[in-house]
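To start, the structure under review is shown below, and the notes come after it.
Computed from the coordinates by the stated procedures, all read-outs in this text should not be read as laboratory data. The shown structure was predicted, so the numbers you read here are calculated from the model rather than taken from an experiment. As a convention, Cβ positions derive from the backbone with ideal geometry for all residues, glycine included, and neighbour counts pool all protein chains shown.
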Amino acid sequence: MLEERLGFDAAREAFEHADAKLYAPEVRAARDLALARVVEIVERGDGPVLDLATGRGALLGRLADGARAVTASDSSPRILELLRRRLGDGIDYVVADARSLPSLTPPWQPSSPTSA
């Protein structure tokens, strides 16, 4: 992953450059609206929030702005550590592969708990 090799700033620049070249403005605007809609729906709930396979944290950053408990899950401890540095300790970071989570009920922990 580019984030793991070069960090988030370089990865963001590369993503923005590729995104602008690959997708029409309408597609990018629809994606941004979809992310905003997800956040709107989540904000109406009252339980904890899990960002499963968080990756570069496009949704996580938006979810973390709320007052609810948020957990970020990814199979890469390095990505989660980079996210922790960028977004802070107000989020729970769990190293887990989305393909093998034991359940989708809190607390979200992998079979052998590890944290970033």
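Starting from the Cα of Glu26, step 7 Å along the direction of its Cβ; do the same at Arg99; then give the gap between the two resulting points in nm.
So the label points at Glu26 and Arg99 sit 3.6 nm apart.
Over segment 2-100, calculate the relative contact order: mean separation of alpha carbon pairs under 8 Å at least 6 apart, over the residue count, as a percent.
Details: 102 pairs, mean separation 23.0, N = 99.
Contact order relative to length: 23 percent.
Between Asp65 and Val38, how many nm apart are label points set 7 Å from Cα along the C-beta direction?
The two pseudo-label positions are separated by 1.5 nm.
Above 15 Å lies some portion of the pair distances; for segment 2-100, what is it as a whole percent of all C-alpha pairs? Display every interim value, and only then the final one.
Values: 3132 of 4851 pairs.
Result for the distance tail: 65 percent.
I need the calculated FRET efficiency for the pair Ala10 and Leu52, taking r as the beta carbon distance and R₀ as 22 Å, to the nearest 0.05.
On the way: r = 25 Å, r/R0 = 1.15.
With a Förster radius of 22 Å, E is 0.30.
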